[in-house]
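*Asks:* I'd like to ask some things about the structure below.
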Amino acid sequence: MRFRRTVVLSGLMSASAIALAGCAAFPAAPSAVGSDWPSTVVPSAVRWPSDWVDGMAGESEAVGGPIVGLRLEYVSEHWMWRIRSTDQGKTDLLGEADAGPASGVEALIDAADLSLVRRHGVTLSEAETMETATNYHDAVQASSEEWPGPRLVELQRVLDDRQSTWRVTTYDTEDGTLSSRTL
């Protein structure tokens, strides 16, 4: 009887530890792109967004709908892409979605193999909820990312003259400088 109780208790404790580990806070985004990087060198193992962004929406658990932002970060000694997307939600029997217009998904994916590390729901900013003349795919293409030249490290929706547009930040692979522009 005592052995059985010990087995049950240790099983409950293990299950509790796993559940609590899953409740750890989602890491906040750094204040600026590159501010959390250990150096100005982005390793070659980090995947270029122009190579993978097309396949994310609809094919990865990391996104809920169209991408509204992405940023390269260094989290817990690992390079990650933080991806923000709209949340399409689930539809009920009447075909109504349960997600509101500001419902979003934020995910961290491994920057080398693009595997999902963590995901949670967020409220999107005003700029992220507004329509843009350019979709995320076209914004990535317009970033001028091309190996071995500048690489895209942030794509963010911002308000410019009360219009939602994309701010693109690239990293110069030769001198390590960051530069931003609005599309």
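Since every read-out is calculated from the coordinates, none of them should be taken as a lab result. Source: prediction; values computed, not measured. Note: ideal-geometry Cβ built from the backbone for every residue, glycine included; neighbour counts use all protein chains shown.
*Asks:* Under the Karplus relation 6.51 cos²θ - 1.76 cosθ + 1.60, θ = phi - 60°, what is the ordered set of whole-Hz ³J(HN,Hα) values for the range 152-164, x standing for Gly and Pro?
*Replies:* 6, 10, 7, 9, 9, 7, 9, 8, 10, 6, 6, 10, 7
*Asks:* While we're looking at this one, here's another question. Loop only by DSSP, 14 or fewer other Cβ within 10 Å of the Cβ. Give me the GluC sites (Glu not before Pro) in the range 142-183 that pass, ordered by residue number.
*Replies:* Passing both the DSSP loop test and the Cβ count: Glu146, Glu174.
*Asks:* For Met130 and Ser76, calculate 0.36 nm times their separation in residues minus their Cα-Cα distance, and state this gained length in nm to one decimal. Could the numbers behind the result be given before it?
*Replies:* Values: separation 54, 0.36 × 54 = 19.44 nm, distance 3.27 nm.
That works out to 16.2 nm of additional length.
*Asks:* Can you tell me the Rg and Dmax of the range 37-183, counting just the alpha carbons, in angstroms?
*Replies:* Calculated on Cα positions, Rg and Dmax stand at 15.5, 55 Å.
*Asks:* How many nm is it between the label spots at Ser144 and Ser115, if each spot is 7 Å from the Cα in line with the beta carbon?
*Replies:* So the two model labels end up 3.7 nm from each other.
*Asks:* Could you check the simple spin-label distance between Ala25 and Glu59, using points 7 Å along Cα→Cβ, in nm with one decimal?
*Replies:* For Ala25 paired with Glu59, the spin-label model returns 3.6 nm.
*Asks:* Using 0.36 nm per residue, how much length does the chain from Asp160 to Ala32 gain when fully extended, once their Cα-Cα distance is taken away?
*Replies:* 44.2 nm
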